[in-house]
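What follows is a single structure, written as structure tokens, with notes after it.
The values are calculated or read from the model by the stated rules, or taken from the named source; none is laboratory data. No experiment lies behind these values; they were computed from the predicted model shown. For neighbour counting, all protein chains shown are included, and Cβ atoms are generated from backbone atoms with ideal geometry for every residue, glycine included. Note: areas computed on protein heavy atoms with side chains; ligands, DNA, RNA excluded. Shrake-Rupley method; radii C 1.70, N 1.55, O 1.52, S 1.80 Å.
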Amino acid sequence: MEKRTLPERPGWRDKAQELGFTFADMGGEPYWDETSAYCFTLRQIEQDIEAPATELHAMCREAVDRAVRDEAWLARLEIPPEHWDLVAASWARGEPELYGRMDLAYDGQGPAKLLEYNADTPTSLYESASFQWLWFEEQRAAGVLDGETDQFNGIHEAIVARWTQTCGDGEEVHFTADPQNPEDYATVETLAWAAREAGLGAHFTALSQIGLTQDGQFADDQSRVIGTLFKLYPWEDMLRDDFARHLQGSGTRFIEPPWKAVLSNKAILPLLWQMFPGHPNLLPAFFLADVQEALAGGTPAAGVAQGFEAARDALAQGHVTKPIFSREGAGVVIHEGGREVARTGDDSYSHHPMIVQGLARLPDFGGFHPVLGAWIVGETCCGLGLREDRSPITHNLSRFKPHFIEG
């Protein structure tokens, strides 16, 4: 794994505007940054990223199966009790999932470590699946990249195939998000583009324009009943929405399905560690309430005592606290050697229960720290996107970096 300085493509910003990539620069800083790119070997991609991410997803599905059968876990996941049946029934019916993004710490040497799983509403999809591939093709055509190079990027093709597996021929699918958020809209359009390629109908309706018919069905801004809905709206918010009481009786099929409320939640990390302690791609993780005294030298809660003692030394060297619900690094605090070394200024999610996770120190490439985003479509890892930041905490304005495979 290397970071290579490369020439930018002439006129790439004009191309970005033409293609609707309107957020390539944000806040006066580059978001898309092709002044350099990350280079991997095929072995690193296949053995250290692709295969482990696919295995991690299978482990996550096992964790869902455990959680939906255990009310104590549903409570710790902060899923409202009135919706436990909705979530459990969704899993029992085998409602299909579409996509997700695993954030991994990886330095090219040791096993990649799962930081968290954005399994419900992950963004950076357009950059990963489309604009990154365009960069790769044009840089190879220009001779900047060798003709033998490749990119780990079958994301678009995998999403097209997944739509054909989850929907009937010609099925009409509604898509919703906040159209005022360009990154959210680009994500939804990327998925809708793939749906159209799969032969489906695709209709966008702003989230605020979805209403309820007299029969209790959800309808779009043209009063069309919504049969299948992809929503870029997180389940933890959706289950607390004023319309939540109509979810079960509406007849709408939701993508992602309600059982993704279990995975779109950092409380899944302690459950994974409990089920698969010591797994090479996992970091020790616990609920802060169970181990807060133990972190200061005291005694952990009885149910996690054995697991905590096995991880005590590692957590003392470094750990991270984060809310079970948060976005873009909000509420994350890094501790090393008993002192706080970094935190984000956004604490808007910090009223939620917190978890403690072992610290995976991100590598340093010229003052920037990359986080790998391993894309899961269906149940398989099929592509990679990278973001980097000068801070060890990745946030909303962190830069997106292209990658390629050499050798």
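Each of THR22 and ALA89 was given a label point 7 Å from its Cα along the Cα-to-Cβ line. The distance between the two points is 4.0 nm.
With a Förster radius of 30 Å applied to the beta-carbon distance between ARG66 and GLN292, the computed FRET efficiency rounds to 0.75. The Kirkwood hydrodynamic radius of the chain, based on inverse pair distances between different Cα atoms, is 22.1 Å. Across the alpha-carbon set of the range 77-121, the Rg to Rh ratio works out to 1.16, Rh being the Kirkwood radius. For the range 121-160 versus the range 348-401, the inter-centroid distance based on Cα atoms is 19 Å. When a 1.4 Å probe is rolled over the protein heavy atoms, the share of accessible surface on the range 26-165 that falls to carbon and sulfur comes to 47 percent.
Between VAL225 and GLN180, the simple label model (points 7 Å from Cα in the Cβ direction) yields a spacing of 3.2 nm.
Packing order of peptides 304-311, 212-219, highest average first: 304-311, 212-219 (average count of other Cβ atoms within 10 Å over each peptide's residues). When the listed pairs LYS322/LYS401; LYS3/LYS231; LYS15/LYS266 are checked against a 30 Å cut-off, the alpha-carbon distance exceeds it for LYS3/LYS231; LYS15/LYS266. Each Lys or Arg adds one and each Asp or Glu takes one away; over the other residues whose Cβ falls under 14 Å from the Cβ of ASP33, this sums to +1.
Each residue of the range 284-358 gets 79 Å³ once the volume of the Cα convex hull is shared out per residue. Averaged per residue, the chain has 42 square angstrom of accessible surface, using a 1.4 angstrom probe with ligands and nucleic acids left out. On the range 284-358, 49 percent of the accessible area sits on carbon and sulfur atoms, based on a 1.4 Å probe.
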